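A.B. asks: Before we start, here is the structure in question, set down as structure tokens.
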Amino acid sequence: MTPIPFYVPVGNECELFETAWQRRLPLLLKGPTGCGKTRFVTHMAARLQRPLFTVSCHDDLTAADLTGRFLIKGGETVWVDGPLTRAIREGGICYLDEIVEARKDVTVVLHPLTDDRRMLPLERTNEILHAPDTFMLVVSYNPGYQNILKSLKPSTRQRFVALSFNFPPPEIELEIIASESGLARDRCTALVNLATRLRLLKDVDLEESVSTRLLVYCATLMAAGLDPYQAAQAALVEPLSDETEVQQGLLELIHATF
Ligand code: ADP
């Protein structure tokens, strides 16, 4: 059995995921980058003992990348299943991260899978796959990046049960950072306090808030012996902004914390 990845629940998301899986409902996870969506899905897949097929969507991703294609192998043309097809055949969980990035033809493939038909027609092989009860489709997107061209169409989003993610409350984030990095809790507390202040800057200067992921990185550098100020510069300031003035503002806040 695969070990269950560490995940600290923030609300009732684990129960909701499990119920959606039992009831054969597809799930949409919304939330900023680095707030635990991927970790949550890997945790739940391991808990439910289902194979997980994760695809990071990008603007070149086509339906064939998910369903499969004919490839030439050793002089012969053979059909190779894509991750979505494999998840259906194996009764696993397919997780499409940042679904809005994918090409439009991807949503066409997902529609018959996300209603009570639960099927995937494979035109190229002349097959119609019916998803077994244990198959589940999970997609995520970050409403923060939203622009008109890249938001999820209502006809697609209304096919999913949806769950909103955000950065965990301070006491939970502290537990996560301490556990992931091995840094002493009192030093993690300073980082969480810093994050609260940095997040207040959102919408003023920063496109995206500091994520739990970046806090874990910062704590990991500190646990390895790096000076906190240098760790924060490398793990927080540089990834968050390229602008000198903004970086200066962030550094001042960091100085005031450490
Ligand atoms: P997302 O998929 O939302 O971009 P991730 O799931 O990759 O974010 O989370 C980034 C990192 O933050 C994880 O690798 C993990 O270290 C940490 N993390 C965030 N939330 C949690 C949580 N609730 N429990 C455990 N770790 C978490």
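A.B. asks: If we scan the stretch 87-102, do we find a residue that is part of a loop (DSSP other than H, G, I, E, B) and either assigned by the TED database to the domain that holds residue 210 or without any contact (Cβ under 8 Å) to a residue 40 or more places away in the chain (or both)?
C.D. replies: Scanning the stretch 87-102, I find at least one residue that is part of a loop (DSSP other than H, G, I, E, B) and either assigned by the TED database to the domain that holds residue 210 or without any contact (Cβ under 8 Å) to a residue 40 or more places away in the chain (or both), so the answer is yes.
A.B. asks: Something else about it: If a residue must be over 16 Å from residue 93 (Cβ atoms) and either part of a strand (DSSP E or B) or touching a Lys or Arg at 6+ places or on another chain (Cβ under 8 Å) (or both), how many such residues does the stretch 116-144 contain?
C.D. replies: Residues in the stretch 116-144 being over 16 Å from residue 93 (Cβ atoms) and either part of a strand (DSSP E or B) or touching a Lys or Arg at 6+ places or on another chain (Cβ under 8 Å) (or both): 10 in total.
A.B. asks: How many residues are outside any helix (DSSP H, G or I), modelled with pLDDT under 95 and away from the ligand (no atom under 13 Å from the Cβ) when one looks only at the stretch 166-207?
C.D. replies: Of the residues in the stretch 166-207, 7 are outside any helix (DSSP H, G or I), modelled with pLDDT under 95 and away from the ligand (no atom under 13 Å from the Cβ).
A.B. asks: Could you give me the residue pairs with C-beta distances under 7 Å whose first residue belongs to the stretch 214-234 and is within 16 Å of the ligand (Cβ to nearest atom) and aromatic (Phe, Trp, Tyr), whose second residue is at pLDDT 95 or above and in a helix (DSSP H, G or I) wherever it lies, and which are 6+ apart or on separate chains?
C.D. replies: 217/235
A.B. asks: Sort out which residues of the stretch 1-50 are more than 13 Å from the ligand (Cβ to nearest atom), in a helix (DSSP H, G or I) and of a type in the set (S, T, N, Q), and write them in order of number.
C.D. replies: Passing the criteria: 19, 22.
A.B. asks: Condition (residue is within 16 Å of the ligand (Cβ to nearest atom), surrounded by 20 or more Cβ atoms within 10 Å (Cβ to Cβ) and part of a loop (DSSP other than H, G, I, E, B)) applied to the stretch 154-165: is it met by at least one residue?
C.D. replies: no
A.B. asks: Now for a separate question. Looking at (1) in the same structural domain as residue 117 (by the TED database); (2) farther than 30 Å from residue 107 by Cβ, which is the only condition residue 160 fails?
C.D. replies: (2)
The values are calculated or read from the model by the stated rules, or taken from the named source; none is laboratory data. Because the structure is a prediction, the values reported are computed rather than measured. Here Cβ is always computed from backbone atoms with ideal geometry, including for glycine, and neighbour counts include all displayed protein chains.
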